[in-house]
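Scroll down for the structure; my scribbles are underneath it.
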Amino acid sequence: MNKRNFEKSVRTLKSLRDMYYSQLDISVVTELNAVIVELEKADSQLNIERKQNLGLRALQVIGVVISLVSNIRDLMK
């Protein structure tokens, strides 16, 4: 992940949090906030494994939010 991707991920996560805050469990909001903070602190000095883990964590949180606020689980049945 490069600096631009970190910034884009932060914007996306903040946008999701702001739009769906009332529909999310406190644990999801807490995880969202934690990932946002880590992404904001991250820089290009992180090793590749840490960058990959952070990117994966951001994608997992996005996946959880999408599954909670949509009826995607019902559509998959």
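Computed from the coordinates by the stated procedures, all read-outs in this text should not be read as laboratory data. Fair warning: this is a prediction, and the values are worked out from it, not measured in the lab. As a convention, Cβ positions derive from the backbone with ideal geometry for all residues, glycine included, and neighbour counts pool all protein chains shown.
Data for the structure
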item: Residue in the stretch 2-13 that is touching a residue at least 24 places away in the same chain (Cβ under 8 Å), assigned to a loop (DSSP other than H, G, I, E, B), of a type outside the set (Lys, Arg) and more than 17 Å from Ser67 (Cα to Cα) present; result: yes
item: Those residues of the stretch 19-63 which are among the small types (Gly, Ala, Ser) and either surrounded by fewer than 16 Cβ atoms within 10 Å (Cβ to Cβ) or part of a helix (DSSP H, G or I) (or both), in sequence order; result: Ser22, Ser27, Ala34, Ser44, Gly55, Ala58, Gly63
